[in-house]
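**Student:** Right, I'll just put the structure down here and ask away after.
Derivation of every value follows stated rules applied to the coordinates shown; laboratory data play no part. Bear in mind the structure is a predicted one, so any value in this text is a computation, not a measurement. Cβ sites come from the backbone with ideal geometry, for glycine too, and all protein chains shown count toward neighbours.
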Amino acid sequence: MTHPIKLIAIDLDGTLLKDDKTISPHTIDTIQRCTQQGIAIIIATTRAISFVTHIHQQLQLSTPVICATGAEVWEKPSGSLWARQTIPLPVAQAIATLADKNGWLLSTTVLDTRYWRQKLGQDLSSTPPDVHIVKTNLDAMHSEPTKILAKNPSAIRPILTLCQEQFPDQCRTEVFHTPEGDEESIVVVSKDADKGTALQVVLEKLEIHKDNTMTIGDNNNDLPMFRQSGLAVAMGNALDNIKSQADLVTDTNENEGVAKIIKQYVLSTN
């Protein structure tokens with residue numbers, strides 16, 4: 001490589017995390033070797049900052065974080081908020097109304113709180129501290145959310161159609177797929193929110209050129225950050241269209257694909 005890697009942006013689910021949501025000890029050791037050599041490790045995920053805090057502690061990181069598919073950029077989990085993009089309230093309310101009408105459960109993030117619609121007979125004693133249970137999805141839409149997530153496959157096409165037909169210039173949708181190619185969930189964010197735009201914010205703050213950046217991911221929402229890096233890496237478990245738009249393909253998340261590509265193309269040259 002002509003440009004040394006100074007920053008690696010890594011997706012979580014299906015990439016850094018194994019299917020059981022853990023990180024292998026070998027991968028943790030590889031990432032810590034990077035930080036010891038001055039290489040910035042950036043988590044870029046659909047998940048909320050509260051989840052990433054645990055990952056940062058496990059990896060002993062103090063670097064910026066990209067959350068909510070790029071809708072939020074944090075200096076670090078305990079630091080200041082660098083950027084936040086929100087969904088216009090009328091759009092969010094329309095999605096919530098459609099979900100309530102059809103009995104779909106949404107996960108809605110407003111500021112630093114996640115809202116879940118209560119399931120029938122749900123035990124509230126085990127609810128995470130950053131989650132509020134609401135009777136209806138619409139009850140969560142008191143302020144503009146950063147992210148709306150629907151995991152019910154039957155909700156994907158109707159929400160996608162609603163956003164594309166009624167709000168094409170006000171929000172952006174991401175459909176997530178299983179490794180087999182089946183539609184799994186849909187995320188709605190601001191029209192200006194994506195991992196590529198968020199990565200630009202991080203690179204400018206850290207004064208790192210995109211040619212000195214590696215990005216690693218497995219799904220459609222990783223493509224914008226692929227285009228903002230000098231070396232884009234798709235996981236072995238990624239869909240074929242993701243692999244075709246990457247510079248390299250590594251092993252799967254179950255077989256330490258992140259550690260393998262970093263050792264081969266980053267640590268071996270430092």
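**Student:** What angle do you read, to the nearest 10 degrees and between 0 and 90, between the alpha-carbon axis of helix 153-166 and the longest principal axis of the chain?
**Tutor:** Once rounded, the angle reads 80 degrees.
**Student:** Taking 0.36 nm per intervening residue step and subtracting the Cα-Cα distance, what contour gain separates Ser80 from Lys119 on full extension? Don't skip to the end; give the middle numbers.
**Tutor:** Numbers: separation 39, 0.36 × 39 = 14.04 nm, distance 3.40 nm.
Value of the extension gain: 10.6 nm.
**Student:** Oh, and also: Among Leu61, Thr22, Thr45, pick out the residue whose Cα is farthest towards the positive end of the charge dipole of the range 1-125, where Lys and Arg carry +1 and Asp and Glu carry -1 on C-beta, about the Cα centre.
**Tutor:** Highest projection toward the positive end goes to Thr45.
**Student:** On each of the three principal axes of the Cα atoms of the range 89-190, give max minus min coordinate, whole Å, ordered largest first.
**Tutor:** 38, 33, 25
**Student:** With springs only between Cα atoms under 10 Å apart, run a GNM on the chain and tell me which of Lys195, Lys119, Lys151 wobbles the most.
**Tutor:** Evaluated over the chain, the most mobile residue of the options is Lys119.
**Student:** For the range 89-190, what is the charge dipole size about the Cα centre, in debye to the nearest 20, if Lys and Arg each add +1 at the Cβ and Asp and Glu each add -1 at the Cβ?
**Tutor:** 280 debye
**Student:** Then there is this: Percent relative contact order of the chain, based on C-alpha pairs within less than 8 angstrom and at least six residues apart?
**Tutor:** 21 percent
**Student:** Let me ask something additional. Based only on Cα atoms, what Rg/Rh ratio does the range 129-270 have, Rh being taken as Kirkwood's radius?
**Tutor:** Result: Rg/Rh = 1.03.
**Student:** Under the rule of -39500 (n - 2.57) per DSSP H run of 4 or more residues, summed and divided by the residues of the chain, what mean residue ellipticity at 222 nm is obtained, to the nearest 500 deg cm²/dmol?
**Tutor:** -9000 deg cm²/dmol
**Student:** Another question, if that's okay. At 10 °C and 1.306 mPa s, what whole-number value in µm²/s does Stokes-Einstein give for the translational diffusion of the range 10-111, with Rh from the Kirkwood sum over Cα pairs? Let's see the in-between values first.
**Tutor:** On the way: Rh = 15.2 Å.
It comes out at roughly 104 µm²/s.
**Student:** Once the Cα atoms of helix 195-206 and of the chain are each reduced to a long axis, what angle between those two axes, in degrees from 0 to 90 to the nearest 10, is obtained?
**Tutor:** 50 degrees
**Student:** On to the next question. Roughly how many whole Å is it from the C-alpha centroid of the range 184-248 to that of the range 26-61?
**Tutor:** 17 Å
**Student:** Over the chain, what per residue volume does the convex hull of the Cα atoms give, in whole Å³?
**Tutor:** 124 Å³
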